[in-house]
1. Could you list, in sequence order, the residues of segment 77-99 that are open to solvent by 30 Å² or more (accessible area, probe 1.4 Å) and part of a helix (DSSP H, G or I)?
2. Does segment 11-24 contain at least one residue that is more than 15 Å from the chain's Cα centre (by Cα), touching a residue at least 40 places away in the same chain (Cβ under 8 Å) and in a helix (DSSP H, G or I)?
3. Between Ser28, Ser33, Ser74, which is among the polar types (S, T, N, Q) and surrounded by fewer than 13 Cβ atoms within 10 Å (Cβ to Cβ)?
4. Residues in segment 109-127: is at least one free of Cβ contacts under 8 Å to residues at least 12 places away in the same chain and among the aliphatic types (A, V, I, L, M)?
5. Looking at segment 104-155, which of its residues are part of a helix (DSSP H, G or I) and touching a Ser or Thr at 6+ places or on another chain (Cβ under 8 Å)?
6. What number of residues within segment 33-60 are over 12 Å from the mean Cα position of the chain (by Cα), among the polar types (S, T, N, Q) and part of a helix (DSSP H, G or I)?
7. Quick one: in segment 80-95, which of the residues that are over 14 Å from Val110 (Cα atoms) and in contact with a strand residue (DSSP E or B) (Cβ under 9 Å, 6 or more places away or on another chain) is modelled with the highest pLDDT?
Amino acid sequence: MKKTNIAEVSALESHLGFWLRFVSNQVSSGFESQLAIYGISVTEWVAMRALYDRLDVTHAELIDALGMTKGATSKIISKLESKGLAKRNQANDSLREQVLCLTDEGKQLVPKLAALADENDARFFGHLPDSQRQSLMVLFKELVAHHQLKQLPTK
(Lines give C-alpha, C1' and ligand atoms only; values in the text may rest on other atoms or scores of the structure.)
Protein backbone atom coordinates (compact mmCIF):
# COMPACT_ATOMS: atom_id res chain seq x y z
CA MET A 1 0.00 0.00 0.00
CA LYS A 2 1.14 3.46 -0.82
CA LYS A 3 1.29 5.98 1.96
CA THR A 4 -0.73 9.06 1.26
CA ASN A 5 0.47 12.36 2.63
CA ILE A 6 -2.45 13.87 4.45
CA ALA A 7 -2.17 17.61 4.61
CA GLU A 8 -2.24 19.02 8.07
CA VAL A 9 -5.60 20.65 8.62
CA SER A 10 -6.06 23.31 11.25
CA ALA A 11 -8.48 22.54 14.05
CA LEU A 12 -11.81 24.33 14.16
CA GLU A 13 -10.90 25.71 17.56
CA SER A 14 -7.84 27.46 16.13
CA HIS A 15 -9.99 29.90 14.13
CA LEU A 16 -11.28 33.17 15.53
CA GLY A 17 -14.27 32.87 13.20
CA PHE A 18 -15.23 29.59 14.87
CA TRP A 19 -15.29 31.19 18.32
CA LEU A 20 -17.06 34.29 17.06
CA ARG A 21 -19.78 32.18 15.45
CA PHE A 22 -19.98 29.93 18.52
CA VAL A 23 -20.67 32.87 20.81
CA SER A 24 -22.78 34.75 18.28
CA ASN A 25 -25.12 31.81 17.75
CA GLN A 26 -25.73 31.53 21.49
CA VAL A 27 -26.23 35.25 21.99
CA SER A 28 -28.61 35.44 19.02
CA SER A 29 -30.54 32.33 20.00
CA GLY A 30 -31.20 33.65 23.47
CA PHE A 31 -32.38 36.99 22.12
CA GLU A 32 -34.57 35.35 19.46
CA SER A 33 -36.31 33.33 22.17
CA GLN A 34 -37.03 36.48 24.17
CA LEU A 35 -38.34 38.35 21.12
CA ALA A 36 -40.56 35.42 20.16
CA ILE A 37 -42.56 36.01 23.35
CA TYR A 38 -43.67 39.29 21.72
CA GLY A 39 -44.08 37.73 18.26
CA ILE A 40 -41.15 39.72 16.88
CA SER A 41 -38.22 38.47 14.80
CA VAL A 42 -34.68 39.82 15.11
CA THR A 43 -35.05 41.47 11.69
CA GLU A 44 -38.28 43.17 12.76
CA TRP A 45 -36.59 44.33 15.97
CA VAL A 46 -33.70 45.86 14.03
CA ALA A 47 -36.14 47.67 11.72
CA MET A 48 -38.20 48.91 14.67
CA ARG A 49 -35.10 50.18 16.42
CA ALA A 50 -34.01 51.96 13.23
CA LEU A 51 -37.42 53.68 13.06
CA TYR A 52 -37.68 54.45 16.78
CA ASP A 53 -35.65 57.66 16.96
CA ARG A 54 -37.18 59.16 13.83
CA LEU A 55 -40.58 60.64 13.05
CA ASP A 56 -40.47 59.48 9.46
CA VAL A 57 -38.03 57.48 7.39
CA THR A 58 -38.10 56.99 3.64
CA HIS A 59 -37.90 53.50 2.17
CA ALA A 60 -34.47 54.39 0.79
CA GLU A 61 -33.22 55.45 4.24
CA LEU A 62 -34.48 52.25 5.87
CA ILE A 63 -33.02 50.11 3.06
CA ASP A 64 -29.70 51.86 3.62
CA ALA A 65 -29.89 51.51 7.41
CA LEU A 66 -30.71 47.80 7.26
CA GLY A 67 -28.44 46.98 4.33
CA MET A 68 -31.22 44.86 2.85
CA THR A 69 -32.83 44.79 -0.57
CA LYS A 70 -35.86 46.92 -1.34
CA GLY A 71 -38.07 43.83 -1.48
CA ALA A 72 -36.81 42.39 1.81
CA THR A 73 -37.23 45.74 3.56
CA SER A 74 -40.74 46.12 2.16
CA LYS A 75 -41.67 42.66 3.50
CA ILE A 76 -40.43 43.58 6.96
CA ILE A 77 -42.46 46.79 6.96
CA SER A 78 -45.53 44.87 5.75
CA LYS A 79 -45.13 42.40 8.63
CA LEU A 80 -44.79 45.24 11.13
CA GLU A 81 -47.86 46.93 9.62
CA SER A 82 -49.90 43.74 9.91
CA LYS A 83 -48.95 43.60 13.60
CA GLY A 84 -49.98 47.23 14.09
CA LEU A 85 -46.42 48.30 14.92
CA ALA A 86 -45.49 50.44 11.89
CA LYS A 87 -47.26 52.39 9.19
CA ARG A 88 -46.61 54.03 5.85
CA ASN A 89 -47.64 57.64 5.26
CA GLN A 90 -47.43 59.94 2.26
CA ALA A 91 -44.40 62.20 2.37
CA ASN A 92 -45.36 65.85 2.80
CA ASP A 93 -43.51 67.02 -0.29
CA SER A 94 -44.28 64.12 -2.62
CA LEU A 95 -47.38 62.33 -3.79
CA ARG A 96 -45.37 59.27 -4.82
CA GLU A 97 -42.99 58.86 -1.90
CA GLN A 98 -43.96 57.24 1.36
CA VAL A 99 -42.39 57.62 4.76
CA LEU A 100 -42.31 54.96 7.43
CA CYS A 101 -42.84 55.34 11.14
CA LEU A 102 -43.78 53.33 14.18
CA THR A 103 -47.32 53.39 15.50
CA ASP A 104 -47.91 54.34 19.13
CA GLU A 105 -47.99 50.61 19.94
CA GLY A 106 -44.65 50.14 18.15
CA LYS A 107 -43.11 53.08 20.02
CA GLN A 108 -44.23 51.60 23.34
CA LEU A 109 -42.84 48.16 22.48
CA VAL A 110 -39.31 49.27 21.50
CA PRO A 111 -38.13 50.12 25.06
CA LYS A 112 -39.38 46.71 26.27
CA LEU A 113 -37.49 44.94 23.49
CA ALA A 114 -34.39 47.08 24.11
CA ALA A 115 -34.50 45.98 27.75
CA LEU A 116 -34.50 42.35 26.53
CA ALA A 117 -31.43 43.11 24.39
CA ASP A 118 -29.73 44.68 27.43
CA GLU A 119 -30.60 41.64 29.58
CA ASN A 120 -29.30 39.30 26.89
CA ASP A 121 -26.01 41.21 26.72
CA ALA A 122 -25.73 41.13 30.50
CA ARG A 123 -26.39 37.39 30.57
CA PHE A 124 -23.61 36.66 28.08
CA PHE A 125 -21.09 39.41 28.78
CA GLY A 126 -21.92 40.63 32.28
CA HIS A 127 -19.28 38.45 33.92
CA LEU A 128 -16.54 40.28 32.01
CA PRO A 129 -14.98 43.38 33.55
CA ASP A 130 -16.10 46.64 31.98
CA SER A 131 -12.67 47.12 30.39
CA GLN A 132 -12.89 43.78 28.57
CA ARG A 133 -16.43 44.46 27.32
CA GLN A 134 -15.28 47.84 26.03
CA SER A 135 -12.21 46.25 24.39
CA LEU A 136 -14.44 43.72 22.62
CA MET A 137 -16.69 46.53 21.42
CA VAL A 138 -13.72 48.52 20.10
CA LEU A 139 -12.28 45.46 18.32
CA PHE A 140 -15.58 44.59 16.67
CA LYS A 141 -16.12 48.20 15.57
CA GLU A 142 -12.60 48.25 14.11
CA LEU A 143 -13.37 45.08 12.14
CA VAL A 144 -16.62 46.58 10.86
CA ALA A 145 -14.83 49.76 9.77
CA HIS A 146 -11.87 47.95 8.22
CA HIS A 147 -14.09 45.65 6.16
CA GLN A 148 -16.58 48.47 5.47
CA LEU A 149 -19.47 46.33 6.67
CA LYS A 150 -22.82 48.02 6.14
CA GLN A 151 -25.53 45.40 6.51
CA LEU A 152 -26.92 45.29 10.03
CA PRO A 153 -27.06 41.85 11.62
CA THR A 154 -30.64 40.75 11.19
CA LYS A 155 -30.28 36.98 11.43
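The values are calculated or read from the model by the stated rules, or taken from the named source; none is laboratory data. Quantities reported herein were computed from a predicted structural model and do not represent experimental measurements. Cβ: placed from backbone, ideal geometry, glycine included. Neighbour counts: every protein chain shown. Remember, those area values only see protein heavy atoms, side chains included, never the ligands or the DNA or RNA. Shrake-Rupley method; radii C 1.70, N 1.55, O 1.52, S 1.80 Å.
1. If the condition is that a residue be open to solvent by 30 Å² or more (accessible area, probe 1.4 Å) and part of a helix (DSSP H, G or I), then Ser78, Lys79, Glu81, Ser82 are the ones that fit.
2. There is at least one residue in segment 11-24 that is more than 15 Å from the chain's Cα centre (by Cα), touching a residue at least 40 places away in the same chain (Cβ under 8 Å) and in a helix (DSSP H, G or I).
3. Numbers: Ser28 fails: surrounded by fewer than 13 Cβ atoms within 10 Å (Cβ to Cβ); Ser74 fails: surrounded by fewer than 13 Cβ atoms within 10 Å (Cβ to Cβ).
When all the criteria are applied, what remains is Ser33.
4. Yes, because at least one residue in segment 109-127 is free of Cβ contacts under 8 Å to residues at least 12 places away in the same chain and among the aliphatic types (A, V, I, L, M).
5. Taking segment 104-155 first, the residues part of a helix (DSSP H, G or I) are 104-125, 130-146.
Of everything in segment 104-155, nothing turns out to be part of a helix (DSSP H, G or I) and touching a Ser or Thr at 6+ places or on another chain (Cβ under 8 Å).
6. 2
7. The first filter runs over segment 80-95 and keeps only residues over 14 Å from Val110 (Cα atoms), leaving 81-82, 87-95.
So of that shortlist, the ones also in contact with a strand residue (DSSP E or B) (Cβ under 9 Å, 6 or more places away or on another chain) come out as 81, 87-92.
On the way: Glu81: 96, Lys87: 93, Arg88: 89, Asn89: 84, Gln90: 78, Ala91: 73, Asn92: 72.
So the residue we want is Glu81.
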